[in-house]
Amino acid sequence: MTDLSAFIQGLPKAELHLHIEGSLEPELMFALAARNGIALPFASVEAVRAAYNFSNLQDFLDIYYAGANVLQTRQDFHDLAMAYFQRAHADTVRHAEIFFDPQTHIDRGIGFDVVIQGLLSGMKQAKAELGITSKLILCFLRHLPESAAFETLAMAEPWLDEIAGVGLDSSEQGHPPSKFARVFAAAAAKGLRLVAHAGEEGPPAYVWEALDDLHIHRIDHGNRALEDERLVQRIVADGLTLTVCPLSNRKLCVVGDLKDHPLKRMLELGLKATVNSDDPAYFGGYVNANFTAVAEALSLSRTDLVTLARNSFTGSFLPADQVAKHLAEIEAYTG
Ligand code: ADE
Ligand code: ZN
């Protein structure tokens with residue numbers, strides 16, 4: 001282990017951009033397929049991994065939604081969550097804000113309650129056994145109509161005390177944030193926090209819409225915001241955090257090479273960037289692998305790494321006293 005990766009390893013951090021369905025490792029996919037009597041279109045774990053070559057977001061989404069078919073029972077969602085928390089714990093993640101995609105499951109006949117009860121029991125076990133805190137963010141699939149998002153929000157009604165916020169994911173191009181302005185307003189009226197994927201593949205105009213039409217509290221990705229100077233100034237002025245996902249960006253060809261990744265530029269511009277794994281089972285690494293790869297590619301300093309870790313807590317939806325406690329732990333770690 002290099003000095004840099006050892007430093008990253010022990011650095012306390014939060015993960016703010018993690019799709020729980022994207023943490024489904026091929027080994028677990030096979031185990032759940034066997035448990036549930038589901039046939040997979042792959043002969044082996046190696047064949048699944050070999051299929052993980054994507055040239056854009058849609059390429060990935062097609063395979064990601066197919067993989068989610070093995071998730072059937074409450075126990076499956078519990079096991080999925082616990083497998084993620086074990087990995088996160090090994091990476092010194094203290095807190096995780098987890099996306100889940102109910103529509104991916106409801107549309108296969110799996111009840112909303114099955115999904116959320118399984119995830120919540122995994123979260124509870126992770127808190128008790130690993131000391132990791134977590135929150136849930138319900139994502140609407142943007143390739144589906146606004147009416148479907150409203151139906152999903154209605155299903156969440158009995159669970160609102162267990163859900164921190166709503167997000168917007170899936171195919172970005174052709175599905176601008178404005179399509180979901182009314183459902184985001186309805187979610188805000190219920191006291192939910194708001195985030196949205198914006199500027200991953202979509203243009204700066206989509207990031208403007210996420211700010212002005214959805215009134216989000218945090219931007220997921222946001223890479224393409226850097227194409228618009230006024231937009232950068234606006235995000236800095238609003239103090240919004242960006243949840244950046246370096247290995248995802250490379251795998252989905254948002255950047256050609258990690259050396260061209262905008263993370264360092266984001267920090268230089270005063271943007272509150274964080275490092276996250278997005279869909280770690282598909283993109284080749286959990287949060288520390290993301291930190292290490294991007295730190296090496298961009299020659300990030302320890303100061304940069306500490307800024308990124310601090311941003312992960314200040315950008316979280318944790319209450320101020322808990323944020324302060326985590327910042328103090330970083331301070332103690334760095335001396
Ligand atoms: N769903 C899972 N991962 C995603 C990503 N990176 N962008 C959009 N939707 C997603
Ligand atoms: Zn994402």
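The values are calculated or read from the model by the stated rules, or taken from the named source; none is laboratory data. Just so it is clear, the model here is predicted, and its values are computed rather than measured. Every residue, glycine as well, gets a Cβ built from its backbone with ideal geometry; the counts of neighbours run over all protein chains shown. Each accessible area value is taken on the protein alone, full model and side chains, heavy atoms only, with ligands, DNA and RNA left out. Shrake-Rupley method; radii C 1.70, N 1.55, O 1.52, S 1.80 Å.
How many of the residues making up segment 234-251 are more than 16 Å from ligand 2 (Cβ to nearest atom) and outside any loop (DSSP other than H, G, I, E, B)?
Final tally of qualifying residues: 5.
Residue-wise test of (1) at pLDDT 95 or above; (2) within 16 Å of ligand 1 (Cβ to nearest atom); (3) basic (Lys, Arg); (4) surrounded by 19 or more Cβ atoms within 10 Å (Cβ to Cβ).
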position	(1), (2), (3), (4)
PHE60	yes, yes, no, yes
ALA66	no, yes, no, no
GLN72	yes, no, no, yes
LEU80	yes, yes, no, yes
TYR84	yes, yes, no, yes
ASP91	yes, no, no, yes
ARG94	yes, no, yes, yes
GLU97	yes, yes, no, yes
PHE100	yes, yes, no, yes
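From the residues in segment 194-211 that are closer than 16 Å to VAL183 by Cβ and more than 11 Å from ligand 1 (Cβ to nearest atom), which one is most open to solvent (accessible area, probe 1.4 Å)?
GLU209
Looking at THR314, THR243, which one is surrounded by 22 or more Cβ atoms within 10 Å (Cβ to Cβ), under 18 Å from the mean Cα position of the chain (by Cα) and within 24 Å of ILE163 (Cβ to Cβ)?
THR243
ALA126: farther than 22 Å from ALA210 by Cβ and open to solvent by less than 20 Å² (accessible area, probe 1.4 Å), yes or no?
yes
Return the only residue of ARG218, ARG182, ARG250, ARG230 being more than 14 Å from ligand 1 (Cβ to nearest atom), at pLDDT 95 or above and buried (at least 17 other Cβ atoms within 10 Å of the Cβ).
ARG218
Open to solvent by less than 10 Å² (accessible area, probe 1.4 Å), within 16 Å of ligand 2 (Cβ to nearest atom) and at pLDDT 95 or above: does that describe ILE116?
Spelling it out, it is not the case that ILE116 is open to solvent by less than 10 Å² (accessible area, probe 1.4 Å), within 16 Å of ligand 2 (Cβ to nearest atom) and at pLDDT 95 or above.
Could you pull out every one of the strands (runs of 3 or more DSSP E) wholly within segment 87-195 that has 3 or more residues that are without any contact (Cβ under 8 Å) to a residue 60 or more places away in the chain?
In segment 87-195, the matching strands (runs of 3 or more DSSP E) lie at 133-141.
For segment 64-93, give me each residue that is in contact with a strand residue (DSSP E or B) (Cβ under 9 Å, 6 or more places away or on another chain) and of a type in the set (Gly, Ala, Ser).
ALA81, ALA88 - these are the residues of segment 64-93 that are in contact with a strand residue (DSSP E or B) (Cβ under 9 Å, 6 or more places away or on another chain) and of a type in the set (Gly, Ala, Ser).
Would you be able to tell me the number of residues in segment 196-210 that are of a type in the set (Asp, Glu) and not in a helix (DSSP H, G or I)?
Looking only at that region, the number is 2.
For the structure I just gave you, tell me whether LEU231 is more than 16 Å from ligand 2 (Cβ to nearest atom) and part of a helix (DSSP H, G or I).
yes
How do the helices (runs of 4 or more DSSP H) wholly within segment 252-301 filter down when requiring 2 or more residues that are touching a Lys or Arg at 6+ places or on another chain (Cβ under 8 Å) and away from ligand 2 (no atom under 15 Å from the Cβ): which remain?
Answer list for segment 252-301: 287-298.
Would it be correct to say that ALA156 is crowded, with 23+ Cβ neighbours inside 10 Å, modelled with pLDDT of 95 or more and within 20 Å of the chain's Cα centre (by Cα)?
no
Out of segment 253-271, which residues are of a type outside the set (A, V, I, L, M) and either more than 13 Å from ligand 1 (Cβ to nearest atom) or open to solvent by less than 30 Å² (accessible area, probe 1.4 Å) (or both)?
Matches in segment 253-271: GLY256, ASP257, LYS259, ASP260, HIS261, PRO262, LYS264, ARG265, GLU268, GLY270.
Kindly indicate which of ALA39, ALA31 is surrounded by fewer than 21 Cβ atoms within 10 Å (Cβ to Cβ) and part of a helix (DSSP H, G or I).
The unique qualifying residue is ALA31.
Identify the single condition in (1) open to solvent by 40 Å² or more (accessible area, probe 1.4 Å); (2) closer than 21 Å to ALA196 by Cβ; (3) of a type in the set (Gly, Ala, Ser) that GLY131 does not satisfy, given that it satisfies every other one.
GLY131 satisfies all of (1) open to solvent by 40 Å² or more (accessible area, probe 1.4 Å); (2) closer than 21 Å to ALA196 by Cβ; (3) of a type in the set (Gly, Ala, Ser) except (2).
Hey, HIS19 hits all of (1) closer than 20 Å to GLN86 by Cβ; (2) buried (at least 17 other Cβ atoms within 10 Å of the Cβ); (3) touching a helix residue (DSSP H, G or I) at 6+ places or on another chain (Cβ under 6 Å) but one; which does it fall short on?
Result: HIS19 passes all but (3).
From the list THR307, THR292, which residue is surrounded by fewer than 19 Cβ atoms within 10 Å (Cβ to Cβ) and of a type in the set (S, T, N, Q)?
None of the others qualify; the one that does is THR307.
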